[in-house]
Amino acid sequence: QVQLVESGGGLVQAGGSLRLSCAASFSMYEMGWFRQAPGKEREFVATINWSGSNTNYADSVKGRFTISRDNAKKTVYLQMNSLKPEDTAVYYCAAKSMISGDFASWGQGTQVTVSS
């Protein structure tokens, strides 16, 4: 099973930027970012396919967040701009299983806090 380690979270003021990184033990076909705010369900943020040619975003982050990947480094990134207090959450990196088609592997999460 692939191991995923996120980094790059922190405290930022509204309107600021952060870049999250997810280092994988080996490259996976499709990768994604999800987030979970206190008292809420985990929600989809963005996904990217192997080549990076296909990306998908939640409506709430379109135009502000960008997902990308560097397969040589086995790393997926989430560039977050124009951050809002409602973006505050624990952000998780996930890898999709080619067997089940589900996001079966998850990192430990990294906290992002946006102050108003």
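Taken together, the residues in segment 62-116 that are part of a strand (DSSP E or B) and either touching a residue at least 24 places away in the same chain (Cβ under 8 Å) or not acidic (Asp, Glu) (or both) amount to 29.
Of all residues in segment 27-61, those that are farther than 29 Å from Ser115 by Cβ, in contact (Cβ under 8 Å) with a residue 12 or more places away in the chain and of a type in the set (Gly, Ala, Ser) total 2.
Summed over segment 75-111, residues that are modelled with pLDDT under 95 and either open to solvent by 20 Å² or more (accessible area, probe 1.4 Å) or closer than 25 Å to Ala14 by Cα (or both) total 9.
Being open to solvent by 50 Å² or more (accessible area, probe 1.4 Å), of a type in the set (Phe, Trp, Tyr) and either in contact with a helix residue (DSSP H, G or I) (Cβ under 9 Å, 6 or more places away or on another chain) or part of a loop (DSSP other than H, G, I, E, B) (or both) is the requirement here; does Phe44 meet it?
Working: open to solvent by 50 Å² or more (accessible area, probe 1.4 Å): yes; of a type in the set (Phe, Trp, Tyr): yes; either in contact with a helix residue (DSSP H, G or I) (Cβ under 9 Å, 6 or more places away or on another chain) or part of a loop (DSSP other than H, G, I, E, B) (or both): no.
No; evaluated as a whole, the condition is false for this residue.
Could you tell me whether Ala24 is touching a residue at least 60 places away in the same chain (Cβ under 8 Å), crowded, with 18+ Cβ neighbours inside 10 Å and either touching an Asp or Glu at 6+ places or on another chain (Cβ under 6 Å) or small (Gly, Ala, Ser) (or both)? It is true that Ala24 is touching a residue at least 60 places away in the same chain (Cβ under 8 Å), crowded, with 18+ Cβ neighbours inside 10 Å and either touching an Asp or Glu at 6+ places or on another chain (Cβ under 6 Å) or small (Gly, Ala, Ser) (or both).
The values are calculated or read from the model by the stated rules, or taken from the named source; none is laboratory data. In this text the structure is predicted, and so the values were computed from the model without any measurement. Backbone-built Cβ (ideal geometry, glycine too); neighbour counts: all protein chains shown. Accessible surface areas use protein heavy atoms only, side chains included; no ligands, DNA or RNA. Shrake-Rupley method; radii C 1.70, N 1.55, O 1.52, S 1.80 Å.
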